[in-house]
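A.B. asks: One structure follows; several queries about it will come next.
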Amino acid sequence: PVPPPAMSGGANSKMSGIPDTIMRSAGGKKWSDASLLEWPKDDYRMFCGNLGNEVDDSTLARCFGKYSSFQKAKVVRDGRTSKSKGYGFVSFADPADFTRAMKEMQGKYVGNRPVKLMKSEWQERALQPGTKRPKPQPQQEEEEEDVEWWKKKAKKPNKK
């Protein structure tokens, strides 16, 4: 089980005990994200990519609303221009619906484009209280593995 993400509270949260933001980390940067508090707790969230500009929250909700445990759909928009960034998220309460939707909706047209679905990684990006994020592995190890693979490949004679 994943521990709850680190939360920071403002003046209102100290009075009510409800956090007003969640600390996030990705790409070597850290920031607070209040939008994560809008999502249902313990949900199964799906990333929806390749969305066109015509797709909004209601379009995404209509496409995935046929699944009984569907909870929420959100298209991510640029804060300055309000244009779609081309991706969004869908939430389910039941893992069976999540899996079924992933299989059935992969590549189906949502708006004018075929949607690309993946399991959301929001939990992995939320900072956990009292823990430090592991440092990325150096790319050198991966390159050494590639070199070894090519050496083995070169030693094998081609069969024609």
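A.B. asks: Looking only at residues that are open to solvent by 20 Å² or more (accessible area, probe 1.4 Å) and among the acidic types (Asp, Glu) in the stretch 28-83, which one is farthest from the chain's Cα centre (by Cα)?
C.D. replies: 54
A.B. asks: Scan the stretch 51-74 residue by residue and report those that are of a type in the set (Lys, Arg) and more than 16 Å from residue 113 (Cβ to Cβ).
C.D. replies: Across the stretch 51-74, the qualifying residues are 66, 72, 74.
A.B. asks: Now, a different point. Check residue 5 against each of (1) open to solvent by less than 30 Å² (accessible area, probe 1.4 Å); (2) modelled with pLDDT of 75 or more; (3) assigned to a loop (DSSP other than H, G, I, E, B) and name the one condition it does not meet.
C.D. replies: (2)
A.B. asks: In the stretch 18-61, which residue that is in a strand (DSSP E or B) and basic (Lys, Arg) is modelled with the lowest pLDDT?
C.D. replies: 24
A.B. asks: Which of the residues spanning the stretch 62-90 are part of a helix (DSSP H, G or I) and of a type in the set (D, E, K, R)?
C.D. replies: Residue satisfying the conditions is 62 alone.
A.B. asks: Something else now. May I ask you to verify whether residue 105 is more than 13 Å from residue 45 (Cα to Cα) and touching a strand residue (DSSP E or B) at 6+ places or on another chain (Cβ under 8 Å)?
C.D. replies: yes
A.B. asks: Can you confirm whether residue 112 is touching an Asp or Glu at 6+ places or on another chain (Cβ under 9 Å) and among the polar types (S, T, N, Q)?
C.D. replies: Criteria met by residue 112.
The values are calculated or read from the model by the stated rules, or taken from the named source; none is laboratory data. The shown structure was predicted, so the numbers you read here are calculated from the model rather than taken from an experiment. Cβ: placed from backbone, ideal geometry, glycine included. Neighbour counts: every protein chain shown. Note: areas computed on protein heavy atoms with side chains; ligands, DNA, RNA excluded. Shrake-Rupley method; radii C 1.70, N 1.55, O 1.52, S 1.80 Å.
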